[in-house]
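All remarks here apply to the structure that follows.
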There are 2 protein chains.
Amino acid sequence: MAQDFYAKHQQTLDKAIEVTRTREFWSPYPEMPSGKIYGENAASEGEAAFKARLNRPFELEMPGIEGEIGEEHSPYGFDLGIRYPRVDIDTLIPAMQSSLKAWRDAGPEQRAGVCAEILERLNRRSFEMGHAVMHTTGQAFMMAFQAGGTHAQDRGLEAVAYALEAQTRTASDARWVKPQGKRDPLEMDKHFRVIPRGLALMIGVSTFPTWNGYPGLFASLATGNPVIVKPHPHTVLPLAITVEVCQQVLREAGFDPWIVSMVVDTREAPVTKELALREEIGVIDFTGSSEFGEWLERNCHHAQVYTEKAGVNSIVIDSTDNLKGMVQNLAFSLSLYSGQMCTTPQDIFVPRDGIETDQGHLSFDEVASAIAEGVRKFLSDNDRATAVLGAIQAPVTADRIEESTSLGEVVLASEAREHPEFENARVRTPLILKVDSADEDTYGRELFGPIAMVIATDGTDDSIDRARRLAKSKGAITWGVYASDEVVLERMEAAALDAGVSLSVNLTGGVYVNQTAAFSDYHATGANPAANACLCDSAFVANRFRVVETRRHAA
Amino acid sequence: MAQDFYAKHQQTLDKAIEVTRTREFWSPYPEMPSGKIYGENAASEGEAAFKARLNRPFELEMPGIEGEIGEEHSPYGFDLGIRYPRVDIDTLIPAMQSSLKAWRDAGPEQRAGVCAEILERLNRRSFEMGHAVMHTTGQAFMMAFQAGGTHAQDRGLEAVAYALEAQTRTASDARWVKPQGKRDPLEMDKHFRVIPRGLALMIGVSTFPTWNGYPGLFASLATGNPVIVKPHPHTVLPLAITVEVCQQVLREAGFDPWIVSMVVDTREAPVTKELALREEIGVIDFTGSSEFGEWLERNCHHAQVYTEKAGVNSIVIDSTDNLKGMVQNLAFSLSLYSGQMCTTPQDIFVPRDGIETDQGHLSFDEVASAIAEGVRKFLSDNDRATAVLGAIQAPVTADRIEESTSLGEVVLASEAREHPEFENARVRTPLILKVDSADEDTYGRELFGPIAMVIATDGTDDSIDRARRLAKSKGAITWGVYASDEVVLERMEAAALDAGVSLSVNLTGGVYVNQTAAFSDYHATGANPAANACLCDSAFVANRFRVVETRRHAA
């Protein structure tokens, strides 16, 4: 191997393993898009690199390339025009299988080193990645740089750390000596080797291709499974850049670059099911619709399937001693990326008799109005608004806002906004509705996008009970609660344990219910229908590899 | 809690975790049925305790008991006549769900302490358990004491150790401090709680109710999942005694005893599918037929399913520098428990041109005859023979021997033997056949029981290739190889990695291909169709629990 990437990154990997245990704050990838950190020209060079991608072929090295494919359109209003390799699966898969052995035999440390090097190089390209994520997902640039760049890199390294620890937990060689009373002991030499499950398939999502994709991609790669990346046909570029960097580092490390490959399809001719059903596939990671996630879980018995699907996230408001902080915090959470996060709250449960606050008793209507007014104020400056909202990724999401206005009483209407830079950008502000707890059919389904409901309940116990039932039946990734009374908080925590949902308590400062930090916060629990796995824990990596033992009498 | 079982067993648990890492020899449960260890009267008291069980009701404490059920018959020729509680599932399951919270909230350490106490008490009852296992499975007493008693206890503790380590790997509380440049840092207090997946279902097997059952039972229990034990209707007693001890310790520790419950059914009216499909079930462990294992994997999407199914185990003989040792070792492996182990070799691949040995060249026929003669000699003393063979658990297995004689050329005929103590015991010696590698339909399917085949191949590469294809298509839990040449061994090891099968190399002494030692050897790999899991590794426990986080601004 030309370079020992494990030696180069060992300290970082050791630290990463340590913080996944302590859950303290740590990140090796600075989240500020600052010239001081990334280089004076990094911003302009990153933008230029992105622009140079447009309207031309994107090259990757894979056996079986047979033409070009691509249909991306920026939510900011222009075609990307990038043409990716179209690859023949029946040529690609056997080639990847042939390459598996060398990757398997490289061992956990060398694989972790290669993965860490890939992530470091991706980090250097965070500006380019920011533009790529922005113009496929619709995220505003700052968020795209962070969630699509540095935070995704964090999540990738976290998975590598878990994978390295899991594979090296146990001795690879042992001398086993069993006493036999007065006779000589039985002595055996044992050798334990990690093997991958097969090829891995990572199915990317349109909104968070890297943040949701890197954990599975890097967990599979670090455990020895060559990875086929199957991006959403409308969000290819961020993962294409990722695969390009993977291939570059693999090549330098002496491996076949197509150990990480990419299969691009179109909405009209999808190939995901065909890929997922191939018996060579041993691991599948998926983020997306509940419908497709369940199809994978029910049909791909030959593979280990990790899914993150949809859910309905709840906020329970019982009382607050910081009304202003609560409203500001919720306003940001509802606005960020126009509610297109699987962690965005949808249902805000408030007693119909109102709540106690540091500003006195507020009626149900006053609570709903305070939240609506908070969002309106937060988005009153259009430059700030667009820098938080970003753009709507899919036209169907914009349509859903229109269709939802009749589902309840509108307390804040959604507006289309002009973007200061991109005249055709699809920018929408949140729609907030009031509904009654009787309208379970309305608030009880996921309405993906900037659509929130304030729901009048019979009291906080009723609120908690509704949130719990909803999480258990439909799934939930996040819960928030506002209460001044510890007894109420305990009841909410008990419900969170019961429903298997992570809970944020009384958030009023610069931490938001829809954000989680790698190495410390878990994303999803795997304990309710929203996801069958958690990003990232030991369970996420432990079953991506198996151990084969050989033993013989000691010499 | 009356007694702190965790404090009592902490050293044992710490040591157990340590040896699962080093894979050195260790066992806290002495395998010798010796009066010096277990007490002078332990043997007679154990036998008396077993006899006192016969022909009367067996009491367990469970909500929903509605009568009696039981149809066990000893393979040594008499009815056990034990009547177990018949329980109403619709009463039992809600009661177990209500009991879940206290068990969940006890936390990983207290649960591990209770589990270790259960295992210690089971250890003290190893003589009684030996008779119970003997007279349900047909194992001879010495094996029943060890495999059904102490070695099963080892496997149980191993699972508890893995579960404890996995649940306590990560801090349960953390202070997260994120720098914000010149502003105050963001500070959050985070709390992480382990929750179980739900209720667990452990489906017992007729031949190894405890050895194969304890890993799943204790892994689920230690991770907070109340466990329904569903024994094979003909092998209930060993698990009934186990549940009795579990209930006793749970009660003493202040928990509802039915946190471990037992549902007994009959062959005529099985309830396993109904139980497995209940949505309250979060974990299923199964050992048994491939057909039922696959049904569970394909239909129980609501639960985490761990299966150990059937396979075809191979021995590849290329050459040996210890013909006598090889033959003796194989003779014992083929005879032990009349081949009714999922680890017993079935297919012995030998080049049709013969092999080189320390006693000169042997033709294919001479190799087959040497093995047959080795078994014949080993079993020539009838007392020794019956002490190794035990009895045939199921009549269908005895029938299979008869049906198989025409499948090839008989090199050793199976004999029915008289048992020195039990006149109606179902004792059979192994049948050994010669077949040609062309007869893949014959050697390519599992013939459970004392049936082995010596298969003539085109050479060792052909032997290895056939073993590999068989393992990949039908599954295999064990492989053995005999070769004097390291190059051949390397080829066999490469095939083992490819097929995901554990490999024993040149066994000629007191270690046998069909035996594995807890804490050191893995049983099955989870990497081929014989099993989707390994007993025991991190993957076996990691997904039996989930983590729920709560976070709030630091005070």
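Assorted remarks:
- Gyration tensor (Cα) of the protein assembly as shown, equivalent ellipsoid semi-axes in angstrom: 55, 36, 23
- Near residue A:536, the amide H atoms lying under 5 Å from its own belong to A:523; only residues 5 or more places off or on other chains count, and H is placed 1.01 Å from N.
- For residue A:555, label point 7 Å along C-beta direction: distances to other copies, nm: 6.3
- Leaving ligands and nucleic acids aside, the A/B contact buries around 6400 square angstrom of accessible area in total at a 1.4 Å probe radius.
- Per-residue Karplus couplings for the stretch A:217-228, computed as 6.51 cos²θ - 1.76 cosθ + 1.60 with θ equal to phi - 60°, are listed in order as 4, 6, 5, 5, 5, 5, 9, x, 8, x, 10, 9 Hz, Gly and Pro entered as x.
- 5 angstrom amide H check on residue B:457, placed H, neighbours 5+ away: B:350, B:352
- Positive-end residue of A:479, A:516, A:453, charge dipole of the stretch A:392-543 with Cβ unit charges: A:516
- Residue of chain B with the smallest Cβ distance to the axis mapping B onto A, distance rounded to whole Å: B:542, 2.
- For the stretch A:409-454, chymotrypsin sites (Phe, Trp or Tyr not before Pro) are listed when DSSP marks them as loop and at most 13 other Cβ atoms sit within 10 Å of their Cβ; the list is empty.
- Prolate/oblate/rounded call for the stretch A:160-205, Cα gyration tensor, a/c under 1.5 rounded: prolate
- Residue-normalised accessible area of chain A, expressed per residue, 1.4 Å probe, Å²: 35
- Computed packing ranks the peptides A:276-287, A:39-50 as A:276-287, A:39-50, most packed first, by mean other Cβ atoms within 10 Å.
- Amide H contacts of residue B:451 (H built 1.01 Å from N, under 5 Å, at least 5 apart or other chain): B:431
- Measuring nothing but how far apart in sequence close Cα pairs (under 8 Å, 6+ apart) lie, relative to its length, the stretch A:152-270 scores a relative contact order of 24 percent.
- Phi-based couplings in Hz for the stretch A:126-132 (Karplus 6.51, -1.76, 1.60; Gly and Pro marked x): 5, 5, 4, 4, x, 5, 5
- Selection from A:299, A:10, A:360 lying farthest towards where the dipole of chain A points positive, charges on Cβ: A:10
- In this calculation the C-beta distance from residue A:56 to residue A:423 is compared with R0 = 22 Å, giving a FRET efficiency of 0.35.
- Relative to the longest principal axis of the Cα atoms of chain B, the long axis of helix B:151-168 lies at roughly 40 degrees.
- For the stretch B:429-555, radius of gyration divided by Kirkwood radius, i.e. Rg to Rh on alpha-carbons: 1.15
- Considering only B:99, B:148, B:26, and ranking their Cα positions along the charge dipole of the stretch B:1-151 that arises from unit charges at the beta-carbon of Lys, Arg, Asp and Glu, the one farthest toward the positive end is B:26.
- Within chain B, helix-based [θ] at 222 nm, where runs of 4 or more DSSP H residues each add -39,500 (n - 2.57), nearest 500: -12500 deg cm²/dmol
- About its Cα centre, chain A has a charge dipole of approximately 2180 debye under the convention of +1 per Lys or Arg Cβ and -1 per Asp or Glu Cβ, with nothing else charged.
- Efficiency of FRET between residue A:416 and residue B:187 - r from beta-carbon atoms, R0 45 angstrom, step 0.05: 0.70
- Dimensionless Rg/Rh of chain A - Kirkwood Rh, Rg from C-alpha atoms: 1.01
- Peptide A:300-313, shielding by other chains (average Cβ, 10 Å cutoff): 1
- Exam field: residue B:365 pseudo-label spacings to other copies (7 Å along Cα-Cβ), nanometres: 10.3
- Assigned charges on the beta-carbon of Lys, Arg, Asp, Glu; the stretch A:31-113 dipole about Cα centre (debye): 160
- With a Förster radius of 60 Å applied to the C-beta separation of residue A:48 and residue B:172, the computed FRET efficiency comes to 0.80.
- Counting from the shortest, the label point at residue A:173, 7 Å from Cα toward Cβ, is 4.4 nm from the same position in each remaining copy.
- Residues in the stretch B:339-363 reached by a label modelled at residue B:409 [backbone nitrogen below 20 Å; 7 Å Cα→Cβ]: B:347-356, B:361-363
- Computed on the stretch A:473-529, with alpha-carbon pairs under 8 angstrom and 6+ residues apart, the relative contact order is 49 percent.
- Inter-chain Cβ neighbour average for residues B:536-545, partner chain, 10 Å: 6
- Per residue Cα convex hull volume in Å³ - calculated over the stretch B:45-89: 82
- Chain A, relative contact order in percent, only Cα pairs under 8 angstrom and at least six apart counted: 17
- HN-Hα J in Hz across the stretch A:29-34 - Karplus 6.51, -1.76, 1.60, θ = phi - 60°, x for Gly and Pro: 10, x, 8, 7, x, 10
- Subset of A:230/B:472; A:434/A:472; A:8/B:178; A:178/B:377; B:230/B:273 violating a 20 Å alpha-carbon distance limit: A:230/B:472; A:434/A:472; A:8/B:178; A:178/B:377
The values are calculated or read from the model by the stated rules, or taken from the named source; none is laboratory data. Keep in mind it's a predicted model, so treat the numbers as computed, not measured. Counting neighbours? That spans all protein chains shown, and the Cβs are built from the backbone with ideal geometry, glycine included. Heavy atoms of the whole protein, side chains included, go into the accessibility calculation; ligands, DNA and RNA do not. Shrake-Rupley method; radii C 1.70, N 1.55, O 1.52, S 1.80 Å.
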